[in-house]
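So the structure is just underneath, and the comments pick up after that.
The values are calculated or read from the model by the stated rules, or taken from the named source; none is laboratory data. The structure displayed is predicted, hence computed values, not measured ones. With ideal geometry, Cβ positions are generated from the backbone for all residues, glycine too; neighbour counts draw on all protein chains shown. Keep in mind that these areas ignore ligands, DNA and RNA; they rest on the heavy atoms of the full protein, side chains included. Shrake-Rupley method; radii C 1.70, N 1.55, O 1.52, S 1.80 Å.
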Amino acid sequence: QAVLAESGGGSVQAGGSLRLSCPADGRTFALLDGSWYRQAPGKERGFVASINRFGGGILYEDSVKGRFSISRDDAKEAVYLQMNNLELGNAAIYFCKVNKTTYPTVEYWGKGTQVTVTS
């Protein structure tokens, strides 16, 4: 069940930028890793980027390296995805996930925000 509220999606021309936000909405943010996934039409949901609870351990899907940047702001209790030099192939619904890897483990998903890229 989606409980997070991603925002920042929209329509942008190829080469443009968008910044996605994912607030934790009162959850214990300091204990949560954050990640972004996406699902394009006709495709399975796939991994985009992740960041651990300390702001390190950053991982990216190969095709977005050098263009996308994941970050977190503990004061605002939010995870972000800065997307630069967007390509047509990046069009998808982007989902935020936060999760705790220590017991008891938890995992929360957002409802998604649409990213459209035009020529």
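Specify the residue that is surrounded by the most Cβ atoms within 10 Å (Cβ to Cβ); the eligible residues are those in segment 38-90 that are in contact (Cβ under 8 Å) with a residue 12 or more places away in the chain and acidic (Asp, Glu).
Top of the filtered list is Glu77.
Could you please give the count of residues in segment 31-54 that are farther than 19 Å from Gly89 by Cα, within 14 Å of the chain's Cα centre (by Cα) and not aliphatic (A, V, I, L, M)? Working first, answer last.
At the first step, the residues of segment 31-54 found to be farther than 19 Å from Gly89 by Cα are 31-35, 50-54.
Cutting the leftovers down to within 14 Å of the chain's Cα centre (by Cα) gives us 32-35, 50-52.
Going one step further and asking which of them are not aliphatic (A, V, I, L, M), we end up with 33-35, 50, 52.
Count: 5.
Residue-by-condition table, conditions (1) assigned to a strand (DSSP E or B); (2) touching a Lys or Arg at 6+ places or on another chain (Cβ under 7 Å):
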{"position": "Ala30", "(1), (2)": "no, yes"}
{"position": "Ser63", "(1), (2)": "no, no"}
{"position": "Gly66", "(1), (2)": "no, no"}
{"position": "Ala75", "(1), (2)": "no, no"}
{"position": "Gln82", "(1), (2)": "yes, yes"}
{"position": "Lys97", "(1), (2)": "yes, no"}
{"position": "Gln114", "(1), (2)": "yes, no"}
{"position": "Val117", "(1), (2)": "yes, no"}
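Any residue at all in segment 60-73 that's basic (Lys, Arg) and at pLDDT below 95? Break it down stepwise before answering.
First pass over segment 60-73, keeping only residues basic (Lys, Arg): 65, 67, 72.
Among the residues that remain, those that are also at pLDDT below 95 are: none.
The answer is no, given that none of the residues of segment 60-73 is basic (Lys, Arg) and at pLDDT below 95.
Specify which of the listed residues (Tyr108, Tyr103) is among the hydroxyl-bearing types (Ser, Thr, Tyr), farther than 16 Å from Tyr37 by Cα and surrounded by fewer than 22 Cβ atoms within 10 Å (Cβ to Cβ). Spell out how you get there, then give the answer.
Working: Tyr108 fails: farther than 16 Å from Tyr37 by Cα.
Being among the hydroxyl-bearing types (Ser, Thr, Tyr), farther than 16 Å from Tyr37 by Cα and surrounded by fewer than 22 Cβ atoms within 10 Å (Cβ to Cβ) holds for just one of Tyr108, Tyr103, which is Tyr103.
For Ser21, are the conditions met, namely being of a type outside the set (A, V, I, L, M), open to solvent by less than 50 Å² (accessible area, probe 1.4 Å) and either under 21 Å from Gln114 (Cβ atoms) or in contact with a strand residue (DSSP E or B) (Cβ under 7 Å, 6 or more places away or on another chain) (or both)? Before the answer, list the steps.
Numbers: of a type outside the set (A, V, I, L, M): yes; open to solvent by less than 50 Å² (accessible area, probe 1.4 Å): yes; either under 21 Å from Gln114 (Cβ atoms) or in contact with a strand residue (DSSP E or B) (Cβ under 7 Å, 6 or more places away or on another chain) (or both): yes.
Answer is yes for this residue.
Among the listed residues Ser7, Ser35, which satisfies the condition of being on the phi < 0 side of the Ramachandran plot and open to solvent by 50 Å² or more (accessible area, probe 1.4 Å)?
Details: Ser35 fails: open to solvent by 50 Å² or more (accessible area, probe 1.4 Å).
None of the others qualify; the one that does is Ser7.
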